[in-house]
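Structure, as structure tokens:
The values are calculated or read from the model by the stated rules, or taken from the named source; none is laboratory data. Everything numeric in this text was worked out from a predicted model, so none of it was measured. Cβ sites come from the backbone with ideal geometry, for glycine too, and all protein chains shown count toward neighbours. For the accessible areas, the whole protein counts, side chains as well, though only heavy atoms, and no ligand, DNA or RNA atoms are used. Shrake-Rupley method; radii C 1.70, N 1.55, O 1.52, S 1.80 Å.
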Amino acid sequence: QVQLVESGGGLVQPGGSLRLSCAASGSMTSVYAMGWYRQAPGNQRELVASITSGGRIDYVDSVKGRFTISRDDAKNTVYLQMNSLKPEDTAVYYCTAHVLDGVSWGPGTQVTVSS
């Protein structure tokens, strides 16, 4: 079992930046990928970015060139650097840890982009 806690959300103006962090604990040896999902009111949850244990990185098209996912294995932490934020990026952002028999989810952190 992997436990996840996100931090770094908040209110930011359009064009601003935020850095989300996801601290992981527990059995990390079986984790083959980490990801960031988001869910806006009335919308389905969507995968924003992912990074595998082998270093493969993927982004949803709407954030390419603006968001960067990275990880610090020594700290068991995954980051999501979000630049040039838009109002449509407003959502609850969730961190995930993927193992062969399931996915662990963090409680989420709210990101609001508004002037």
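Between LEU11 and LYS86, the modelled labels are 2.3 nm apart [label points 7 Å from Cα along Cα→Cβ].
Put TRP36, TRP105 in order of accessible area, highest first, and with a 1.4 Å probe you get TRP105, TRP36. Taking 0.36 nm per residue of separation and subtracting the Cα-Cα distance, full extension of the segment from GLU46 to LYS75 would add 7.8 nm. Remark: region 37-51, residue by residue, has Karplus-estimated 3J(HN,Hα) of 10, 9, 9, 9, x, x, 10, 6, 5, 10, 6, 8, 7, 9, 9 Hz, where x stands for each Gly or Pro and the curve is 6.51 cos²θ - 1.76 cosθ + 1.60 at θ = phi - 60°.
Here the Karplus relation 6.51 cos²θ - 1.76 cosθ + 1.60, evaluated at θ = phi - 60°, turns the backbone of region 98-103 into coupling constants of 9, 10, 4, 10, x, 9 Hz, with x for every Gly and Pro. Full extension of the chain segment joining GLN39 with VAL103 gains 21.4 nm, where the gain is 0.36 nm per residue of separation less the Cα-Cα distance. Couplings 3J(HN,Hα) of region 78-89, computed from phi: 10, 10, 9, 7, 10, 10, 6, 5, 10, x, 6, 7 Hz, in residue order, whole Hz [Karplus 6.51 cos²θ - 1.76 cosθ + 1.60, θ = phi - 60°; x for Gly and Pro]. Distant-in-sequence amide contacts of ARG71, defined by a placed amide H-H separation under 5 Å and a gap of 5 or more residues or a different chain, comprise TYR79.
Each part reduced to its alpha carbon centroid, region 7-33 and region 82-115 end up 7 Å apart.
Hand me the trypsin sites (Lys or Arg not before Pro) from region 8-115 located in a DSSP loop with no more than 16 other Cβ atoms within 10 Å, in residue order please. Here the trypsin sites (Lys or Arg not before Pro) that fit, given the DSSP loop and packing criteria, are ARG45, ARG56, LYS64, ARG66.
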